[in-house]
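Notes follow the structure.
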Amino acid sequence: MKIDLVTIFPGILEGPFKESMIKRAADRGLVDIDLVDLRKYTYDRHRQVDDAPYGGGYGMILKPEPLFEAVEDLKNKSVCEGTWVILLTPQGQRFNQHRALKLAEKKHLILICGRYEGVDERVRVALVDEEISIGDYVLTGGELAAAVVVDAVVRLLPGFLEDEASADESFSELLLEYPHYTRPAAYRGMEVPPVLLSGNHSEIGCWRRKQSLKRTYERRPDLLQQADLLPKEKVFLEEIKKQQS
Ligand code: SAM
């Protein structure tokens with residue numbers, strides 16, 4: 001996958017992609033991430049990327065010309081078909097694991113990081129395929145939101161995680177993952193559940209599934225409405241509801 005991040009502050013994005021697993025994914029050739037400085041697409045002495053809003057009011061707006069030129073240039077240079085252009089904006093659809101999975105199927109993503117009061121509306125109308133928000137709050141810029149999206153997408157690329165590693169993860173089946181423990185088996189009076197020390201993989205699997213259902217019921221009951229559950233799992237959930245009511 002190729003990912004271009006268009007920003008006026010490339011320095012903000014250097015850290016997240018030059019460390020740990022995402023860097024390793026790039027080193028292994030799973031993903032090629034480029035930080036594209038929007039000012040490269042300006043031609044005036046001051047390399048101006050923003051201007052005051054028509055109609056007056058507070059703040060500055062990212063101008064259309066550099067953004068159009070940047071996206072068109074990146075598309076022209078792309079060797080992949082079907083470039084997908086994303087605008088990070090608090091007004092977009094809320095990002096979640098399902099959207100991350102859909103994006104992981106694309107070959108080339110261009111993410112536009114807004115700043116100040118946002119981007120000229122013509123960019124949104126003519127260039128953008130998808131608008132994404134990472135939550136109902138307002139950040140100063142789209143860079144951190146873009147880093148969140150890229151991180152969630154890259155770890156879903158084939159070959160990034162071992163095949164089984166993502167199967168039980170939170171949201172993969174609209175359930176939250178079960179609790180984890182590691183050594184020591186007893187710590188400050190808190191014991192690891194004996195089943196996890198039993199070596200019985202069938203019982204461990206059953207315990208984990210039940211914990212996953214219980215945890216989802218307690219923390220995110222909204223997810224359960226769409227989860228695909230077996231009849232015996234529905235019965236188990238009913239029991240938990242009774243116990244807790
Ligand atoms: N004036 C805009 C509004 O009220 O909708 C907010 C602009 S915000 C200060 C500047 C930039 O940060 C946005 O253009 C966007 O790129 C990014 N941003 C802020 N909050 C975000 C969020 N929740 N999700 C994604 N991007 C966000």
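The values are calculated or read from the model by the stated rules, or taken from the named source; none is laboratory data. Note that the structure is a prediction, hence the values are computed from the model and not measured. Backbone-built Cβ (ideal geometry, glycine too); neighbour counts: all protein chains shown.
Selection over segment 3-28 of residues that are over 15 Å from the mean Cα position of the chain (by Cα), under 17 Å from residue 155 (Cβ atoms) and not in a helix (DSSP H, G or I) gives a count of 3. State all residues of segment 109-124 that are away from the ligand (no atom under 14 Å from the Cβ) and among the charged types (D, E, K, R); if no residue qualifies, say none. If the condition is that a residue be away from the ligand (no atom under 14 Å from the Cβ) and among the charged types (D, E, K, R), then 122 is the only one that fits. Between 212, 198, the distinction of being polar (S, T, N, Q) and closer than 15 Å to residue 232 by Cβ belongs to 212 only. For segment 125-141, filtering for residues that are over 13 Å from the mean Cα position of the chain (by Cα), within 8 Å of the ligand (Cβ to nearest atom) and surrounded by 15 or more Cβ atoms within 10 Å (Cβ to Cβ) leaves 2. For segment 155-175, a residue qualifies if it is at pLDDT 90 or above and either exposed (fewer than 10 other Cβ atoms within 10 Å of the Cβ) or hydroxyl-bearing (Ser, Thr, Tyr) (or both), and exactly one does: 158. Filtering segment 142-155 to residues that are among the acidic types (Asp, Glu) and within 11 Å of the ligand (Cβ to nearest atom) leaves only 143. Assessment of segment 14-37 against the conditions (touching an Asp or Glu at 6+ places or on another chain (Cβ under 6 Å), among the charged types (D, E, K, R) and either surrounded by fewer than 16 Cβ atoms within 10 Å (Cβ to Cβ) or more than 15 Å from residue 141 (Cα to Cα) (or both)) yields at least one matching residue. Report, by residue number, each residue of segment 94-108 that is more than 10 Å from the ligand (Cβ to nearest atom), in a strand (DSSP E or B) and closer than 25 Å to residue 176 by Cα. Once the filter is applied, which keeps residues that are more than 10 Å from the ligand (Cβ to nearest atom), in a strand (DSSP E or B) and closer than 25 Å to residue 176 by Cα, segment 94-108 yields nothing.
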